[in-house]
Amino acid sequence: MSIRIIVSDIDGCISPEESVAWDLDGFAELARLSRAASAGTSFLPPMTLCTGRPQPYVEALMKIMDIRLPAICENGAVIYDLPENLAQYAPNVTAGKIAGLRHLRQFIEEAILPAPAFTGSVLQFGKEAQLSVFSKDPSIFPAMRGQLDAFVSAHSDVQVVISASHFYLNISLAGVDKGSAIRKVLGDLKIGRDEAAGIGDTEGDLPLRDAVAFFACPANATPDVKKAAHYVSPYPSLRGILDILRRPELRR
């Protein structure tokens, strides 16, 4: 197996899930490795990002890390090409699905966020084709998810899949995930599944795992992700990513 691309999640991997300062020294090392990989002067193949974060956030990281391959934003709904400065919806994103998502967003804004049981939860701004609700107290997510599931069941125009990460309840369009977007990117780049590696840490990264030949995770990954991984780093978050990048499976 010769890996030609490494696809990494951001939150819980490159950066902490919590709203805290990043490990600056560790990130500087990651950026150095990524820049060298993009320039073809490293033992690593080029890297790219696959995240639930919106395109502007991803664009900034791509510039710092000199990522030249297309990146995945909004959990697979948006594909962004930095050299071309082109953001576009993934193929499975339709006008009808976007309309349904906006219907659900209105319900969240009017009925979910103001509810006393969900005090402190907020919608992540800047997204076009996915929704993420943040809470410092993820124990509220099961009750919130129950109300969202009931709304979705009652409205056929809303076609979504709901999953939780460490501090986010992520609402993605049905048929749109990290795996489908990565397969689109790999196809465009003429890179086979057996030439791709992935890194993730939560439930939303499992479709990414299915789209690549080698999948690894940091120590803070959820149990399901650890079970599915080919390698589990003994280190959390960014230090785990740096450890994973030293694996022999990822060398050119």
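The values are calculated or read from the model by the stated rules, or taken from the named source; none is laboratory data. Everything numeric in this text was worked out from a predicted model, so none of it was measured. Cβ atoms come from the backbone with ideal geometry, glycine included; neighbour counts cover every protein chain shown. These accessible areas exclude ligands, DNA and RNA; they are computed on the full protein's heavy atoms, side chains included. Shrake-Rupley method; radii C 1.70, N 1.55, O 1.52, S 1.80 Å.
Condition check ((1) in contact with a strand residue (DSSP E or B) (Cβ under 7 Å, 6 or more places away or on another chain); (2) in contact (Cβ under 8 Å) with a residue 24 or more places away in the chain; (3) farther than 28 Å from Ala37 by Cβ) across all residues:
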| position | (1), (2), (3) |
| --- | --- |
| Ala71 | yes, no, no |
| Glu74 | yes, yes, no |
| Tyr80 | yes, yes, no |
| Lys97 | yes, yes, yes |
| Leu101 | yes, yes, yes |
| Phe107 | no, yes, yes |
| Ala111 | no, yes, yes |
| Thr119 | no, no, yes |
| Gly126 | no, yes, no |
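Of the conditions (1) in a helix (DSSP H, G or I); (2) crowded, with 24+ Cβ neighbours inside 10 Å; (3) touching a strand residue (DSSP E or B) at 6+ places or on another chain (Cβ under 7 Å), Met144 satisfies every one except a single condition; which number is it?
(2)
Among the numbered criteria (1) among the basic types (Lys, Arg); (2) farther than 19 Å from Gly204 by Cβ; (3) in contact with a strand residue (DSSP E or B) (Cβ under 7 Å, 6 or more places away or on another chain), which one does Lys178 miss?
Single failed check for Lys178: (2).
If you check every pair at least six apart or on different chains, which have Cβ atoms under 8 Å apart with a residue in region 215-238 that is more than 15 Å from Glu18 (Cα to Cα) and outside any helix (DSSP H, G or I) first and a residue that is among the acidic types (Asp, Glu) and open to solvent by 70 Å² or more (accessible area, probe 1.4 Å) second?
Listed by first residue and then by second, the contacts come to Thr222/Glu203.
Is it the case, given these coordinates, that Pro236 is in contact with a helix residue (DSSP H, G or I) (Cβ under 6 Å, 6 or more places away or on another chain), at pLDDT 95 or above and under 22 Å from Glu29 (Cβ atoms)? Break it down stepwise before answering.
Values: in contact with a helix residue (DSSP H, G or I) (Cβ under 6 Å, 6 or more places away or on another chain): no; at pLDDT 95 or above: yes; under 22 Å from Glu29 (Cβ atoms): yes.
Spelling it out, it is not the case that Pro236 is in contact with a helix residue (DSSP H, G or I) (Cβ under 6 Å, 6 or more places away or on another chain), at pLDDT 95 or above and under 22 Å from Glu29 (Cβ atoms).
Out of Ile191, Ile199, Ile182, which single residue is touching a residue at least 24 places away in the same chain (Cβ under 8 Å), touching a Ser or Thr at 6+ places or on another chain (Cβ under 7 Å) and aliphatic (A, V, I, L, M)?
On the way: Ile191 fails: touching a Ser or Thr at 6+ places or on another chain (Cβ under 7 Å); Ile182 fails: touching a Ser or Thr at 6+ places or on another chain (Cβ under 7 Å).
Of Ile191, Ile199, Ile182, the one residue that is touching a residue at least 24 places away in the same chain (Cβ under 8 Å), touching a Ser or Thr at 6+ places or on another chain (Cβ under 7 Å) and aliphatic (A, V, I, L, M) is Ile199.
Output the number of the condition that Leu186 fails; it satisfies all remaining conditions of (1) crowded, with 22+ Cβ neighbours inside 10 Å; (2) touching a strand residue (DSSP E or B) at 6+ places or on another chain (Cβ under 9 Å).
Here Leu186 clears every test but (1).
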